[in-house]
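Asks: Please find one structure pasted underneath; my questions will follow.
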Amino acid sequence: MAPGLIERLRLPYLLKHYPSRVIWAFFVFVNGFITMAILGGVAVASKTPFIFPSLGPTALLLFFNPETRAASPRSTLCGHAIGIVCAYALLRLMGLTAEPPGIQTGVLHAQRVICASLSLVSTGVLMVLLDVWHPPAGATTLIVSLGIIARPYHLLVIELAVALLVFQAVLINRAAGLDYPLWSLKE
């Protein structure tokens, strides 16, 4: 029986019948654009950092390598949460929560470098120990520990943006015919 139109538009069919690089490039282009447009729209409407640098590599990972452990909803959500918590805890511990970011002042002090270094390695260690490896979360850690986004309310917004991105990835990847997990990959 010949596949119907819907089946022919799904990613597995397209990858079997057309050049895979072109199909993946188109898939990443369309879904990356849709995702950033939605999150950017929410950021503009809410006047909050609903779009931030580490969301880009997360989106690319979720739409180009969706069947990897690092792209699972569990790794994505937990990885970013760990990065946020580690970075903010070290910001508080080092008394940097009220300090402007070095990028704003043009000066990066040793205390900020130590904060960034310790928060990044803490994030990495916890992601390994908890088996939620998600490399873009390291960028989130640096965004927070360097003071670029450091207000507690905005930290919640960051995790909410990641959750919305993951929700979109579940919908889009499953609609495309990929076996994208709802939480984590089957062992």
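The values are calculated or read from the model by the stated rules, or taken from the named source; none is laboratory data. Note that the structure is a prediction, hence the values are computed from the model and not measured. Virtual Cβ from ideal backbone geometry, glycine too; neighbours counted across all protein chains shown. The area values use the complete protein model at the heavy-atom level, side chains included, leaving out ligands, DNA and RNA. Shrake-Rupley method; radii C 1.70, N 1.55, O 1.52, S 1.80 Å.
Asks: Taking the chain as a Gaussian network, Cα atoms linked when under 10 Å apart, which of 92, 69, 21 shows the biggest mean-square fluctuation?
Replies: Answer for the Gaussian network model of the chain: 21.
Asks: Next question. For 22, 166, what's the largest-to-smallest order of accessible area, 1.4 Å probe?
Replies: From most exposed to least exposed: 22, 166.
Asks: Given points 7 Å out from each Cα along the Cα-Cβ axis, report the residue 16 to residue 175 separation in nanometres with one decimal.
Replies: 2.3
Asks: OK, next. May I ask you to evaluate 6.51 cos²θ - 1.76 cosθ + 1.60, the Karplus curve with θ = phi - 60°, for each residue of region 132-148 and list the ³J(HN,Hα) values in order in whole Hz, giving x for glycine and proline?
Replies: With coefficients 6.51, -1.76 and 1.60, one gets 10, 5, 8, x, x, 5, x, 5, 4, 4, 5, 4, 6, 5, 7, x, 5 Hz.
Asks: Moving to a separate point now. Given Cβ point charges of +1 (Lys, Arg) and -1 (Asp, Glu) and nothing else, what value in debye, to the nearest 20, does the dipole of region 1-144 about its Cα centre take?
Replies: Magnitude of the dipole: close to 220 debye.
Asks: By how many degrees, 0 to 90 and rounded to 10, does the Cα axis of helix 152-175 deviate from the longest principal axis of the chain?
Replies: On a 0 to 90 degree scale, this one is about 10.
Asks: On to the next question. Given the rule -39500 (n - 2.57) for each run of at least 4 DSSP H residues, summed and divided by the residues of the chain, what is its mean residue ellipticity at 222 nm, to the nearest 500 deg cm²/dmol?
Replies: So the calculated ellipticity at 222 nm is -22000 deg cm²/dmol.
Asks: Considering all projection directions equally, how large on average is the shadow of the alpha-carbon convex hull of region 75-177, in square nanometres?
Replies: Across all orientations, region 75-177 yields a mean hull projection of 6.9 nm².
Asks: State the Cα centre-to-centre distance between region 135-171 and region 71-126 in whole Å.
Replies: Their Cα centres are 12 Å away from one another.
Asks: Another question, if that's okay. Starting from the exponent 0.38 and prefactor 2.2 Å, build the expected Rg for region 58-114 from its residue count and divide its actual Cα Rg by it.
Replies: Compared with the compact-globule rule of thumb, region 58-114 sits at 1.53.
Asks: Sticking with this one: How much accessible surface area, in Å² rounded to 10, belongs to the heavy atoms of residue 109 with a 1.4 Å probe?
Replies: Solvent-accessible area, nearest 10 Å²: 120 Å².
Asks: Please determine, in degrees from 0 to 90 and to the nearest 10, the orientation of helix 20-46 with respect to the longest principal axis defined by the Cα atoms of the chain, where the helix direction is its Cα long axis.
Replies: 50
Asks: Please work out whether region 1-61 counts as rounded, prolate or oblate from its C-alpha gyration tensor, where a ≥ b ≥ c are the square roots of the eigenvalues and a/c under 1.5 means rounded, while otherwise a/b larger than b/c means prolate and anything else oblate?
Replies: It is prolate, given that a/c is not under 1.5 and a/b is the larger ratio.
Asks: Compute the acute angle (0 to 90°) between the alpha-carbon long axis of helix 55-64 and the principal axis of greatest extent of the alpha-carbon atoms of the chain; round to the nearest 10°.
Replies: On a 0 to 90 degree scale, this one is about 20.
Asks: How big is the chain in terms of Cα radius of gyration and Dmax, in angstroms?
Replies: When restricted to Cα atoms, the chain yields Rg and Dmax of 18.4, 67 Å.
Asks: Just to make sure I understand: if all protein chains stay in place, what is the order of 34, 158, 172 by accessible area at 1.4 Å, largest first?
Replies: Most to least solvent-accessible, the answer reads 34, 172, 158.
Asks: Could I ask something else about it? Using a 1.4 angstrom probe on heavy atoms only, work out the carbon and sulfur share of the accessible area of the chain in %.
Replies: So the carbon and sulfur contribution to the accessible surface is 71 percent.
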